[in-house]
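Enquirer: Before we start, here is the structure in question, set down as structure tokens.
The values are calculated or read from the model by the stated rules, or taken from the named source; none is laboratory data. Note that this is a predicted model, so its numbers are computed, not measured. Quick reminder, even Gly has a Cβ in these numbers, built from the backbone with ideal geometry, and neighbours come from all protein chains shown. Only protein heavy atoms, including side chains, enter the accessible area calculation; ligands, DNA and RNA are left aside. Shrake-Rupley method; radii C 1.70, N 1.55, O 1.52, S 1.80 Å.
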Amino acid sequence: MKQIQDVITKDTATYPEKILQFGEGNFLRAFADWMVNKANHEGVYRGSIVLCQPIADGLADKINAQNGIYTLAMRGIENGQPVEKIEQITSVSRCINPYQDYAALMEIARSACLEVVISNTTEAGITYHAGDKRTDTPPHSYPAKVCAFLYERFIHFDGAPDKGLLFLPVELIDNNGANLRRIVLQYAVEWELGDPFIHWVQEHNHFCSTLVDRIVTGYPRDQIEQYEHRLGYHDEIFDTSEVFHLWVIEGKQEWADILPLHKTDAHVIWTDNVTPYKKRKVRILNGGHTASVLAAYLSGHEIVLEMMQDEVFEQYLDQVLYEEVIPTLDLPQEELRQFAADVKDRFRNPYIKHKLLDISLNSCSKWCARVLPSLQGYVSAKGSLPPALTFSLAAFIKFYQGVFVDGAYLGTRADGTSYPIRDDAEVLEFFSKAWEEKNSVAPAVLSHTTFWDGADLTEIAGLCDAVSDYLAAMERMPVRDVVASLLVK
């Protein structure tokens, strides 16, 4: 069979390398690189991306063997129907491995064409690492690499104001751009690079905090033979994702024209405040998961798609999102309802087998971060308890009813099957002891302020009694029947 680079013509081969991307993995190739590919083909941009491995082991050899070309299959639900969109991505020029060829990275630092730096170096990537030096080839941490890179650029262009760069980190931490900038400047001071360089970094380089959202499922190992037969070529770095995508970038509007992805139909939002969008994602997408999947698993479902195919749980999720979460958020209601509808389509994606047990990992901290603020907001706004969110707290407590067996903390469903409950050791120890006294488990959990960022949830009027009632109901009848009893008729 032919190789992809022998079948697909690289129509961007002459485009200048305007973007440096730290990270060559599945996510960025299915997200930012796809967006740049779209902008190139729609005529609103004319640039290519040079990738850089953030760690010693990576995909550089495979990417370069294919001349940077790869396939992206986007699969999901649109307008209630399954869709699959396949594109050949040609926006990547090459990939360098700075652990083998650090000089190649420094050469890019001296490029007059370079304008943008994108990164995805995992959540642990934007951290300070003691002992990094500018003379390391390369330094260990990503911010140290950036500082050394920028200093090379500063020296080469003699501090020219127009040679600063736009930084778009997508690492999943709060204020990723601000934190990257802070640590870069920390190295600049530590390495004694001088006030002129520090001023240039501060005034002429733009570090944007961002929010990204797309499920990327990577190499389709189980379907690759079918894809190759359909497409007529072999692709070692084939990538797959859902159709939904969102990139929210916090920065000045004029910076958007440096990388005008928003001029395509890609869902890219430039804003002066990313926080409301982050809250929307956490409360609706993540909160929708956490508020529903534990009860769905206790009811016998295994994956999110099964849950969505159950009319009771779909109606329950509607009540959670539209009646109890959205009223607590401060973005336009129409926009929030559309986002919730998109979330439901994503949950119904037949191409993604998202296991409920995987989502259940660390549900204690997840419920606190994703669901509790909505419950508190509803009580504050309405003066009453939100039934579905209150039930979700009871379902969480019920899911954490277990016993230790050979060091593993195991729960048991109504059909007798056991399941692992995975959380921090101290959390599991607490629930093991709390469930020894069934009649007082609700007040024990709700008053355990360590779980709830210092709050005592028994102080919320009626909450402890309501949770206790739901727990008692789940003892008397199937969990699914309790869910059904909640639904607004």
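Enquirer: Answer yes if at least one residue in the range 7-29 is open to solvent by less than 20 Å² (accessible area, probe 1.4 Å), closer than 22 Å to P260 by Cα, of a type in the set (D, E, K, R) and in a loop (DSSP other than H, G, I, E, B), and no otherwise.
Expert: Looking for residues that are open to solvent by less than 20 Å² (accessible area, probe 1.4 Å), closer than 22 Å to P260 by Cα, of a type in the set (D, E, K, R) and in a loop (DSSP other than H, G, I, E, B), one finds at least one in the range 7-29, hence yes.
Enquirer: Does Y378 satisfy being open to solvent by less than 70 Å² (accessible area, probe 1.4 Å), within 28 Å of G462 (Cβ to Cβ) and of a type in the set (F, W, Y)?
Expert: Taking the combined requirement at face value, the residue satisfies it.
Enquirer: What number of residues within the range 158-175 satisfy the criterion of being in contact with a Phe, Trp or Tyr (Cβ under 9 Å, 6 or more places away or on another chain), surrounded by fewer than 19 Cβ atoms within 10 Å (Cβ to Cβ) and not small (G, A, S)?
Expert: Matching residues across the range 158-175 total 1.
Enquirer: Checking V36 against (1) more than 24 Å from G218 (Cβ to Cβ); (2) within 25 Å of the chain's Cα centre (by Cα): exactly one of these is not met. Which one?
Expert: Exception for V36: condition (1).
Enquirer: From the list A256, A178, exactly one residue is in contact (Cβ under 8 Å) with a residue 12 or more places away in the chain and open to solvent by less than 30 Å² (accessible area, probe 1.4 Å). Which is it?
Expert: A256
Enquirer: Residue check, Y219 against (1) open to solvent by 40 Å² or more (accessible area, probe 1.4 Å); (2) of a type in the set (S, T, Y); (3) under 24 Å from A109 (Cβ atoms), all met but one. Which one?
Expert: The failed condition is (3).
Enquirer: Let me ask something else about it. Quick check on the range 181-197: of everything there that is in a helix (DSSP H, G or I) and open to solvent by 30 Å² or more (accessible area, probe 1.4 Å), which residue is nearest to G131 (Cα to Cα)?
Expert: Checked the range 181-197; the qualifying residue nearest to G131 (Cα to Cα) is E190.
Enquirer: Which of the following residues is part of a helix (DSSP H, G or I), farther than 30 Å from G402 by Cβ and either small (G, A, S) or under 19 Å from the mean Cα position of the chain (by Cα) (or both): A291, A295, A341?
Expert: A341
Enquirer: So, in the range 388-416, exactly how many residues are open to solvent by 50 Å² or more (accessible area, probe 1.4 Å) and either of a type in the set (G, A, S) or outside any strand (DSSP E or B) (or both)?
Expert: 5
Enquirer: List the pairs whose first member sits in the range 377-390 and is in contact (Cβ under 8 Å) with a residue 60 or more places away in the chain, whose second member is among the polar types (S, T, N, Q), and whose Cβ atoms are under 7 Å apart, counting only residues at least 6 apart or on separate chains?
Expert: Hits for this filter: A388/Q319; L389/S374.
Enquirer: A follow-up question, please. Go through the range 445-489 and give me each residue that's closer than 18 Å to E426 by Cα and surrounded by fewer than 18 Cβ atoms within 10 Å (Cβ to Cβ).
Expert: If the condition is that a residue be closer than 18 Å to E426 by Cα and surrounded by fewer than 18 Cβ atoms within 10 Å (Cβ to Cβ), then S447, H448, T449, T450, W452, D453, G454 are the ones that fit.
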